[in-house]
Amino acid sequence: MTMLRAERVTLGYGGRPVVHDVSLDLTEGGVGLIGESGSGKTTLARAFLGLLKPMSGDIWYGERPLREADRRRFRKDVQPVFQAEALDPRMRIGASVAEGLPRHERGRVAELLEQVGLDPALAGRRPHQLSGGQRQRVVIARALAVGPRLLILDEPTSALDVTVQARILDLLAGLDAERLLITHNLAVVRRLCRTSYVLFAGRVVESGPTAELLARPAHPYTRALRDAVPRLGGPPPEASGRTEAVPAATGCPYRLRCPLAVAECERAPELREVADGRRAACHRAADVLG
Amino acid sequence: MIEVRELRVSYGGRVVADVPELDVGAGECVAIVGESGSGKSTTLLALLGLLPDAEVSGRVTVCGVDVLTAPPRRLRELRGARAALVIQSPQAALAPSTRLGVLMRRALRLHGREATDAAMAEAMRAVLLDPELLRRYPHEISGGQAQRFAIALAIALGAEVVLADEPTSALDVTVQAEVVAVLRGLLTERGLALLLVSHDLALVSTIADRVLVMKDGAVVESGPAATVLATPAHPYTRELLEALP
Ligand SMILES: Nc1ncnc2c1ncn2[C@@H]1O[C@H](COP(=O)(O)OP(=O)(O)OP(=O)(O)O)[C@@H](O)[C@H]1O
Ligand code: SF4
Ligand SMILES: [Mg+2]
């Protein structure tokens, strides 16, 4: 059984749902969460961390709902990795890392800094005296302090330039902890997540093994994502011309932007198995798979 | 629209950005690429006179305003209306207790622009944002929505110069494509001058006319984007290109 999973959760703010009926299992090998900006990825991460109560459905932590779980044990098991901007600017690096440690283990700071490839001599510095990549390593060291089994990472490398990003990815790939990783960078999920979920307008529109899902998408939105990645020396990104800002309120939420939309799409598609281990919510998944 | 000569920014004698020459004309896009901490963002801020604690020397002209010598009032007129700054994480910079719609309306009025609901909704839709979001507070939108709001604001203000620091880093690539297409449209139709800081070299290669590569505060290479990114002369530029996924 997996440590953490969402079962048909609906999440929202002030009574307004933004994530609808999502089931997601944090299986081994890393789980990637990709999708539209504003589609509910961070909201789901908050729910997995117990920071947001589902409007319906449940987050399961082992055999019981997260809301009934022992919070201390949960925090030892599951740790968030925020963007480096979240570090307290006044606090020295060593103190930031030590915060996560029980008092008698505070001596482990140097060891943790070394584990993420930082010189322990940096412990006396403050965040602004480090580079962006170094700060991101500090955030990871902090999360690792309690020895978590699962990391929840929301855009851990998006603020970093490519050379630094590559080194942080190496670091993450080498850790023992499992991960839920949110990113807009498809190369990052390809590298770090065996399974991926694609979100659009608060719904899972496709899920499956990352490599297959990106090589042969089953949903038009996943395909659009893959095709919109800019290529070095390639043509400028093209506007689709279907610039509908608001997802369709009825039927398939993607239909106002979808190049394959047909009359049938006015009826909402169910998320269903479309190939071995792969699910998609599209009436024309078979055509998209080709 | 932007003309920089011998710009040097330092803190306590330590030089953090040294840019001998940088020009962005109307309808042009110039990109600055390089490692974090290499001086890219510092350069952007210096162009708008936004580094009060730094020692800044050289000559910087933006929309005809001599930024390093202009009185504060002229700088305030320049910033916002004629030259807009779009930062990577605008959420923290937006007044937390003011709804987005009120923020936008105020900014438009302040600079004597039309602030009708229709004009504001149009600017939002241009970056694929639901105009409904104008009723929300800054902490009630996602990171990518905040980035797009900052761009919508620059569009609505009709800025002639946009200085953008990683303006699409929080967007998925389909939305990024739409936003970049909008910016490209403004380059050709309105003669916008765009100075873009980005670590996405692939994206830069598709929209920038010229590129500056910065490392440790210095410009190590510059030239037409097509040349620099296809046949990089400096080892550091090669390193950046090799790190591409
Ligand atoms: N505190 C809040 N109050 C009200 N609405 C919110 C709040 N936080 C987020 N939302 C809304 O919920 C939806 C999902 O937001 P979320 O932050 O989960 O998106 P995301 O997928 O992480 O987006 P991004 O890729 O831009 O970070 C968005 O429409 C957003 O505007
Ligand atoms: S159901 Fe129809 S509109 Fe929706 S993604 Fe599939 S083809 Fe497009
Ligand atoms: Mg988010």
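Descriptive notes on the structure:
- Equivalent-ellipsoid semi-axes for the protein assembly as shown (Cα gyration tensor, √(5λ), whole Å, largest first): 36, 30, 22.
- Tail beyond 18 Å, pair distance distribution of the range A:130-212 (Cα, percent): 44 percent
- Bridge type composition, the protein assembly as shown - antiparallel percent by DSSP, nearest 5: 55 percent
- Segments B:17-27, A:196-206, B:210-220 sorted - mean Cβ within 10 Å per residue, highest first: A:196-206, B:210-220, B:17-27
- Our note on the geometry: Cα centres of the range B:1-79 and the range A:123-174, 30 Å apart.
- You can think of it this way: the chain between A:A121 and A:A187 has 20.5 nm of extra reach, that is 0.36 nm per residue less the Cα-Cα gap.
- The ellipsoid equivalent to the alpha-carbon distribution of the range B:4-62 has semi-axes of 19, 13, 10 angstrom, derived from the gyration tensor eigenvalues as √(5λ) and listed largest first.
- Mean sequence separation of contacting Cα pairs (under 8 Å, at least six apart), scaled by the length of chain B, corresponds to a relative contact order of 27 percent.
- The calculated FRET efficiency for A:L232 paired with B:E21, based on their beta-carbon distance and R0 = 25 Å, is about 0.45.
- Using all pairs of distinct alpha-carbon atoms, the Kirkwood hydrodynamic radius of the range A:71-183 works out to 14.0 angstrom.
- GNM flexibility winner over chain B from B:L192, B:L133, B:L85 (Cα, springs under 10 Å): B:L133
- Centre separation in Å (Cα based) which lies between the range B:121-168 and the range A:213-227: 27 Å
- Within the range A:106-138, backbone nitrogen closer than 12 Å to the virtual label 7 Å beyond the Cα of A:R167 toward Cβ: A:116-119, A:131-138
- Taken along the Cα-to-beta-carbon direction at a fixed 7 Å, the label points for B:H234 and A:E7 span 5.7 nm.
- More than 31 angstrom apart: percent of Cα pairs within chain B: 22 percent
- Remark: C-alpha extents of the range B:77-134 on the principal axes read 28, 26, 22 Å, sorted largest to smallest.
- Per residue of A:33-45, other chain Cβ atoms within 10 Å of the residue Cβ number 4 on average.
- Backbone N under 12 Å from the A:R67 label point (7 Å along Cα→Cβ), restricted to the range A:31-45: none
- Spread of Cα-to-Cα distances over 5 Å intervals beginning at zero, given as percent, for the range B:1-104: 2, 10, 20, 23, 20, 14, 7, 3, 0
- Length-normalised contact order of the range A:71-183 in % [C-alpha pairs under 8 Å, at least 6 apart]: 36 percent
- Among the residues of B:198-205, the average count of other protein chain beta-carbon atoms within 10 Å of the residue beta-carbon is 5.
- Kirkwood hydrodynamic radius of chain A, from inverse mean 1/r over distinct Cα pairs, in Å: 20.3 Å
Laboratory data are not the source of any read-out in this text; all were calculated from the coordinates shown. Fair warning: this is a prediction, and the values are worked out from it, not measured in the lab. Cβ sites come from the backbone with ideal geometry, for glycine too, and all protein chains shown count toward neighbours.
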